[in-house]
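Worksheet: one structure, shown below.
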Amino acid sequence: MILSVVLTGILAVYAYMYRRERGVRYFVWVMICRIVYTVAVILELNSDGLQAKLLFRQLENSSLIMTVPVMVLCVLDFRGMERWLKPKPRSALLAAFAAWTMLVWTDGSTGWINTSANIVDGYLMVSKSAFAIALNLMAYGILALCAFFLILFLRRARPDIRKPGMWLVAFGSLAFLAEIVKTSNPDWSAWLLPISAYTGFCAMAMLLIIMRNRLFSIVPMARDIVMESMEEGILIVNERGKIVDSNPLMDRLLSLSSEGKPVGRYVSELLGEWPNWLSACLENQHGRLEIGNEEQGAVKSYLVKVYPINETKRLGTVSLLVDITDKQRSLEQIARLNGMKDQLFTVVSHDIRDPLAVQVTVVEELELQQAVMDAESRELFMALGKQIRNSYELVENVLEWFRGQREGLMLHPQSLRISELLEDVFQAMQFKSEEKGVRLQSVVSEELLARADRETTMLILRNILSNAIKFSYRGGLVKVSAETEGDRVIVTIRDFGTGMDAQQLGALFDEARFHSRIGTEGEKGAGLGLLVSLQFARLGGGRIWADSRPGEGSAFHFALPKG
């Protein structure tokens, strides 16, 4: 029996080392009560007089009685029910069982506990009153509930601590089972009393389980390290909507002080101003929302993600809270910069493109008067006109590309006659084609219709035709055809110029870089024309692709929805 006391004491000392962890602080007191009980049993069995044995029996009963409230507190602490662990309810619980112990110590004058006491063969035999038996049954019922809630708690724990936790409950229950049997069969108390003391040997098995699985150190310590140090807020809610755990960041959001922890309270009390969050917690569903909260005079923005603990069983939810205040400010700053960018594009559009358009018009007017110029002036004028047109084309493509990057860009699709569009595009490209002696030919049926935005479609056709002329030889031909294919119209622009190899063709549609080659007569470009065309074709529900062979020319295909 002395060894049993020593083993129980070792377990108590080991638990005391981790007394600040959840549940362990009250487990220490459970072990202390067991030590007092075992010592009292040893003293009773080694005493001779009736009064001495009664004194130690009262000490045994007192330790058993006080085991009940500290066991209740231990379970409440494990389950995170902080509200019931506050000084007032805790003191009330301990006071109720302390009053019971007073009845035990005053039994000599009241007779409420024992109706008779005798020594038989050296053992103390007592008969309990109906009142005492009722109190004992109540105590055993409370301990059974504690074991039940501990088992529920462990069933929802991680698999690696579930099994050892169940063994702990089993070994810890043996002593109370012996007491139950002793109460139901008083005649057996002579040999059950030593056995109830010998159950202290279970402490060694419990100690080995705890140490091997590090239940006191790793599990609570890991919880504290993760919960207290993580930069995200966390809120764990059970299936009834009651908060079972949280960390400081979440407490700060809920505007709670250290004495007003949310643990033990219902989410309906604290999440009322965020109904979507509350609904996800109560209905055990996934949720994602952004919320705002004023803290110390500053508005903070948070992203909340709600995850069900188990989607098939209603076990509760875990809410993660991420501070996105800096990100939100960055997004607002980006929005302001985008607004400034749009204003800048508008200024560029009016202050650069419009004057260049006027210059192109003036050049076209002056071109009609080339006959009165001498050869040198005509050559300078032709070079100037070519430069102005190239600049205008570049600026036009740059601005259109920027316009395509803007969110919310609206196209206005309508039924268009392809042949009429080509007439307008051919007219716009007339000077460029005539300058190089390249003939533009259309074999598109006048009945063929497509549904597309007029301005962007003309831009695409103009850019592809411009490239076809650029890579055609002097005196060459650029041929435009079109045909229907299902619900699409395929426009093909074919030239018979330099063509491209497979590598050049593959790099042609790489949007990560601007790709430009020198034309047959040294024409240069920025590589924006095709990029802009790809972008607007995609926006309009179409696409562009090409096939080509070196020395045989290229064919660009432009698909449009059928009109």
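State the number of residues belonging to the range 90-119 that are open to solvent by 50 Å² or more (accessible area, probe 1.4 Å), among the aliphatic types (A, V, I, L, M) and closer than 19 Å to M138 by Cβ.
So the count comes out to 6.
Just checking, how many residues over the range 472-491 are outside any strand (DSSP E or B) and either acidic (D, E) or farther than 15 Å from E523 by Cβ (or both)?
Within the range 472-491, residues that are outside any strand (DSSP E or B) and either acidic (D, E) or farther than 15 Å from E523 by Cβ (or both) number 3.
For the range 417-430: of the residues being in a helix (DSSP H, G or I) and surrounded by 16 or more Cβ atoms within 10 Å (Cβ to Cβ), which is modelled with the lowest pLDDT?
The selected residue is V425.
Looking only at residues in the range 539-555 that are of a type outside the set (D, E, K, R) and not in a strand (DSSP E or B), which one is surrounded by the most Cβ atoms within 10 Å (Cβ to Cβ)?
The qualifying residue surrounded by the most Cβ atoms within 10 Å (Cβ to Cβ) is G542.
Can you name the number of the only condition in (1) open to solvent by 50 Å² or more (accessible area, probe 1.4 Å); (2) at pLDDT below 90 that G527 fails?
(1)
Which residue pairs have Cβ atoms under 8 Å apart, sit 6 or more places apart or on different chains, and have a first residue in the range 99-122 that is closer than 17 Å to K53 by Cα and a second that is acidic (D, E) and surrounded by 12 or more Cβ atoms within 10 Å (Cβ to Cβ)?
That search, which allows pairs on different chains as well, returns I113/D107; N114/D107.
Return only the number of the condition from (1) free of Cβ contacts under 8 Å to residues at least 40 places away in the same chain; (2) open to solvent by 50 Å² or more (accessible area, probe 1.4 Å) that D487 does not satisfy.
(1)
What number of residues in the range 462-484 are under 22 Å from G563 (Cα atoms), hydroxyl-bearing (S, T, Y) and open to solvent by less than 50 Å² (accessible area, probe 1.4 Å)?
Residues in the range 462-484 being under 22 Å from G563 (Cα atoms), hydroxyl-bearing (S, T, Y) and open to solvent by less than 50 Å² (accessible area, probe 1.4 Å): 1 in total.
Tell me which residues, restricted to the range 23-56, are acidic (D, E) and in contact with an Asp or Glu (Cβ under 8 Å, 6 or more places away or on another chain).
Listed by number, the list holds a single entry, E44.
Could you say whether any residue in the range 70-82 is without any contact (Cβ under 8 Å) to a residue 60 or more places away in the chain, surrounded by fewer than 20 Cβ atoms within 10 Å (Cβ to Cβ), β-branched (V, I, T) and part of a helix (DSSP H, G or I)?
Within the range 70-82, not a single residue is without any contact (Cβ under 8 Å) to a residue 60 or more places away in the chain, surrounded by fewer than 20 Cβ atoms within 10 Å (Cβ to Cβ), β-branched (V, I, T) and part of a helix (DSSP H, G or I).
List every residue pair whose Cβ atoms lie under 6 Å apart, where the two residues are 6 or more positions apart in sequence or sit on different chains, the first residue falls within the range 544-556 and is within 15 Å of L461 (Cβ to Cβ), and the second residue, located anywhere, is open to solvent by 60 Å² or more (accessible area, probe 1.4 Å).
A555/R494; A555/D547
Given the options F558, F536, name the one that is crowded, with 20+ Cβ neighbours inside 10 Å and at pLDDT 90 or above.
Result: F558 is the single residue among F558, F536 that is crowded, with 20+ Cβ neighbours inside 10 Å and at pLDDT 90 or above.
Based on what the data block shows, is I469 assigned to a helix (DSSP H, G or I) and at pLDDT 90 or above?
Yes: the conditions hold for I469.
How many residues, within the range 138-157, are free of Cβ contacts under 8 Å to residues at least 12 places away in the same chain and not small (G, A, S)?
Going through the range 138-157 one residue at a time, the tally reaches 5.
Quick one: what pairs do we get from the range 431-447, first residue over 30 Å from T484 (Cα atoms) and open to solvent by less than 50 Å² (accessible area, probe 1.4 Å), second assigned to a helix (DSSP H, G or I) and at pLDDT 90 or above, C-beta under 8 Å, 6+ apart or different chains?
K436/I469
The values are calculated or read from the model by the stated rules, or taken from the named source; none is laboratory data. Note that the structure is a prediction, hence the values are computed from the model and not measured. Every residue, glycine as well, gets a Cβ built from its backbone with ideal geometry; the counts of neighbours run over all protein chains shown. Accessible surface is based on the protein model in full, side chains and every heavy atom, while ligands, DNA and RNA are left aside. Shrake-Rupley method; radii C 1.70, N 1.55, O 1.52, S 1.80 Å.
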